[in-house]
Amino acid sequence: MGIVYLDSSVALRTILDVPQRPRLQAWMQAPGEVFVSSRLLRTEVVRVLRRDDRPVTDGAALLDRVGLIDVTRQTHAVAESIERHVKTLDALHLATALLVGEPVTVASHDTAMKAVAADLGLVVADPVE
């Protein structure tokens with residue numbers, strides 16, 4: 001896939017106690033894949049770990065594997081221009097993926113996110129399925 005934009009609906013399953021966890025962790029170790037996401041992902045990971053009373057360090061392996069891209073004014077402008085309805089954080093994730101500057105595959109398990117990403121011309125993959 002080359003560059004994979006990792007959405008939180010997939011990323012969080014690599015650290016939560018869910019049946020897909022081992023498979024997704026193995027998928028993220030595939031050689032040659034470059035994983036990126038919005039800086040929002042770090043905040044989402046930390047918030048979920050705090051919600052579950054787990055140490056923040058439980059997210060270190062995931063966050064060390066993913067290149068995090070800062071949210072800028074341009075990111076907000078692109079997110080605001082997305083015409084189809086999508087939640088705000090999802091719009092910011094999609095805007096970040098659009099701004100990567102190279103072909104990117106969006107890895108998501110969220111139905112609405114996948115539909116809007118495809119409408120925006122992004123390649124979509126769901127490694128959870």
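No value in this document is a laboratory result; all are computed from the given coordinates. All values reported here derive from a predicted model rather than from experimental measurement. Every residue, glycine among them, receives a Cβ derived from its backbone with ideal geometry; neighbour counts consider all protein chains shown.
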Inset, instruction - Quick one: angle between helix 88-98 and the longest Cα principal axis of the chain, in degrees between 0 and 90, rounded to 10, please. - result: 80
Inset, instruction - In debye, nearest 20, what is the charge dipole magnitude of region 80-121 about its Cα centre with +1 on Lys and Arg Cβ and -1 on Asp and Glu Cβ, if you could check? - result: 100
Inset, instruction - Can you figure out the FRET efficiency of Glu83 with Gln29, using R₀ = 41 Å and their beta-carbon distance, to the nearest 0.05? - result: 0.65
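Given contacts defined as C-alpha pairs under 8 Å and at least six residues apart, what's the relative contact order of region 3-125, whole-number percent? Before the final figure, lay out the partial values.
On the way: 151 pairs, mean separation 38.1, N = 123.
Dividing the mean separation by the residue count of region 3-125 yields 31 percent.
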Legend entry - the chain: angle of helix 40-51 to the longest principal axis, Cα-based, in degrees nearest 10: 40
Legend entry - For region 63-107, the spread of Cα positions along each principal axis, largest first, Å: 31, 22, 20
Legend entry - Residues His93, His109, His85 arranged by fewest to most Cβ contacts within 10 Å: His85, His109, His93
Inset, instruction - On a C-alpha basis, how far is the centre of region 74-88 from the centre of region 25-72 in Å? Whole number, if you could? - result: 22
Legend entry - Ellipsoid equivalent to region 35-129 - semi-axes via the Cα gyration tensor, in Å: 23, 15, 13
Inset, instruction - Treating only the Cβ atoms of Lys and Arg (+1) and Asp and Glu (-1) as charged, compute the dipole magnitude of the chain about its Cα centre; round to the nearest 20 debye. - result: 280
